[in-house]
1. Look at R51 and say whether it is within 18 Å of A30 (Cβ to Cβ) and outside any strand (DSSP E or B).
2. Exactly one condition in (1) within 24 Å of R130 (Cβ to Cβ); (2) open to solvent by less than 20 Å² (accessible area, probe 1.4 Å) is not met by T172; state its number.
3. Hey, among G196, G224, G200, which residue is on the phi > 0 side of the Ramachandran plot and among the small types (G, A, S)?
4. Hey, among F155, F161, which residue is of a type outside the set (S, T, N, Q), under 23 Å from the mean Cα position of the chain (by Cα) and open to solvent by 70 Å² or more (accessible area, probe 1.4 Å)?
5. Could you say whether any residue in the range 1-10 is closer than 24 Å to D214 by Cα and exposed (fewer than 12 other Cβ atoms within 10 Å of the Cβ)?
6. Is it the case that the range 91-104 has a residue that's assigned to a helix (DSSP H, G or I), surrounded by 12 or more Cβ atoms within 10 Å (Cβ to Cβ) and of a type in the set (A, V, I, L, M, F, W, C)?
7. Please work out if V117 is hydrophobic (A, V, I, L, M, F, W, C), surrounded by 13 or more Cβ atoms within 10 Å (Cβ to Cβ), under 31 Å from the mean Cα position of the chain (by Cα) and at pLDDT below 95.
Amino acid sequence: MIFVAVKDQIAGTVGLRKKDDNTVEMTKLAVDPGFRGLKLGWLLMVECIERARRQGYNKMVLYSNTKQATAIAMYRKYGFVEVPVEPGVYERCNIQMEIPLEPPVLKQVAAGIRAAVADAAAKMKLFSEREVAEKRAPDKWSRKEVLGHLIDSAFNNHHRFIRAQQAAFLETPGYAQDYWVSVQHYQDADWLVLIGLWQGINNNIARVLELIRDEPLSHVVSVGDYAPVTLQFLAEDYLAHLQHHLGQVLPVTTKY
């Protein structure tokens, strides 16, 4: 796999080469002399590492020569450490470096969302119309309306997860949940359509969360009148909120 930096022309390249199921090699990192000083080497290296992490590799290695002092210094600054050189790899190689690849921080959150949604969707499809439309009290939501609220939560948080990566501080409005549920008449909506919509947006949210790099996780998000929180907390709290409301939907008499 080759990555190319383009700035009116090819300005730099870097490659990924699989060594085994756990280890990947970063290779052919180079920047055209006319584009040096723009940190393209750093950007290519970071992109290469992020791609390898998302592909599930546990370790990245590279082989170089100590004559490449600037590149070696960059690798060390990022966290690569020197290890004994494997014999017979590259003729001009006299230094080998490696770095562990931790899984993306929000990978477990994403996995939790996918698991919760898949399990709940399968069970909810077995509910009768009476079960999903029944209200426990006049001022309480039906199961249809609870699911509608979870759909609203998904769409409101989806743009926050995207926009919070752009700036160190993001201020967004809250939303009047009762109004949203009421004005969209979720009580009259098709139950299976609601399930499909909810499942689709959450699977995309899970995919988005896995792609978030480490640095933006500390960005601060202010939602309405609530106290500001980090993007990481917002993502983790989203899963907790989803699981909380699923507890209001699933305890029914249906035998799964």
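The values are calculated or read from the model by the stated rules, or taken from the named source; none is laboratory data. All values derive from a computational prediction rather than experimental measurement. We place every Cβ from the backbone using ideal geometry, glycine too, and count neighbours over all the protein chains shown. Just so you know, the surface numbers come from the protein's heavy atoms only, side chains and all, with ligands and any DNA or RNA stripped out. Shrake-Rupley method; radii C 1.70, N 1.55, O 1.52, S 1.80 Å.
1. Numbers: within 18 Å of A30 (Cβ to Cβ): yes; outside any strand (DSSP E or B): yes.
Against the criterion (within 18 Å of A30 (Cβ to Cβ) and outside any strand (DSSP E or B)), R51 qualifies.
2. The one condition T172 does not meet is (1).
3. G224
4. Only one candidate passes the filter, namely F155.
5. yes
6. Restricting attention to the range 91-104, the residues satisfying the condition of being assigned to a helix (DSSP H, G or I) are none.
No, there is no match, as no residue in the range 91-104 is assigned to a helix (DSSP H, G or I), surrounded by 12 or more Cβ atoms within 10 Å (Cβ to Cβ) and of a type in the set (A, V, I, L, M, F, W, C).
7. Judged against the criteria, V117 is not a match.
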